[in-house]
Amino acid sequence: MLKKEITDALNEQINKEIYSAFLYMSMSAYTNDLVLKGFANWFMVQYHEEMYHAMKMYEYIQSQGESVVLKTVDAPPTSFDSPLDAFEKTLAHEQVVTQSINDLMDLAIQHRDHATKIFLEWYVTEQVEEEDTAGDMIAQLQMIGDDPHALLMMDRELAGRAASIPVDFSKGVEQEGE
Ligand code: FEO
């Protein structure tokens, strides 16, 4: 059982994670239009990661005997100035998500909800990685500048990214570990 304020905040966070998924799917579509298929792959894997974040929270709410409440997901932006712009917006977005997770953690601590606090620790760690990765992408694209050859080399590298989490949630998010 969870306090109502905690359940409501977790449901809000599901919405934010699904918005994140939409945002990265939109970035995948944008980079696909640029024929940067490796970038498109990277962002589509990120889409799956975000849906995993949402589903992990979805299952936690249910495991506590509470109800999942899904809400309207905002439309993401559909155009970007460049791949660099997309990654700068990725980092800015992840910083907002980090703040949101920190707020949730504060709420769990305030309510002495130890189970939710332990559950949220996974997200706290994940956000460090998400911001670090986006920062690395920005640094690499800044080094590349206007060099199309280097951009294509990076595109080939990003084509190799595969999802490290389950993408079929019908059997639950923990089916293959994390
Ligand atoms: Fe689910 Fe990228 O934070």
Take the chain, connect every pair of alpha-carbon atoms lying under 10 Å apart with a spring to form a Gaussian network, then pick out the residue of M51, M137, M27 with the largest mean-square fluctuation.
M137
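How large is the helix-only mean residue ellipticity at 222 nm for the chain, computed as the sum of -39500 (n - 2.57) over DSSP H runs with n ≥ 4, divided by its residue count, in deg cm²/dmol to the nearest 500? Display every interim value, and only then the final one.
Values: 5 runs with 127 residues, N = 178.
Mean residue ellipticity, 222 nm, calculated: -25500 deg cm²/dmol.
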Simple spin-label estimate for A29/H111, 7 Å along Cα→Cβ, in nm, reads 3.5 nm
Taking a label point 7 Å from the Cα of V68 along the Cα→Cβ vector, which residues of region 135-178 have an amide N closer than 20 Å to it?
164-178
Once region 2-129 is represented by equal point scatterers at the alpha-carbon sites, with solvent omitted, what log10 I(q)/I(0) does the Debye formula produce at q = 0.15, 0.18 Å⁻¹?
-0.70, -0.94
Just Y60, Y30, Y47 to compare: in a GNM of the chain, with alpha carbon springs under 10 Å, which one fluctuates most?
Y60
Picking from T31, T125, T90, which is most flexible by a Gaussian network model of the chain using Cα springs under 10 Å?
T125
Per-residue HN-Hα couplings for region 99-108 [Karplus 6.51, -1.76, 1.60; θ = phi - 60°; Hz; x = Gly/Pro]
4, 5, 5, 4, 4, 4, 4, 4, 5, 4
Given the pairs K37/K71; K3/K89; K37/K117; K89/K171; K56/K89, which are separated by over 30 angstrom at their Cα positions?
K37/K71; K3/K89; K37/K117; K89/K171
Phi-based couplings in Hz for region 124-135 (Karplus 6.51, -1.76, 1.60; Gly and Pro marked x)
4, 5, 4, 5, 4, 5, 4, 5, 4, 5, 4, x
Across region 148-154, in residue order, what do the Karplus-derived ³J(HN,Hα) couplings come to in whole Hz, using 6.51 cos²θ - 1.76 cosθ + 1.60 with θ = phi - 60° and x for Gly and Pro?
x, 5, 5, 4, 5, 5, 5
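We did not get these values from a lab; they are worked out from the coordinates using the rules stated. Here the structure is a predicted model, which means the values were calculated and not measured. So basically every Cβ, Gly included, is an ideal-geometry build from the backbone, and we count neighbours across all protein chains shown.
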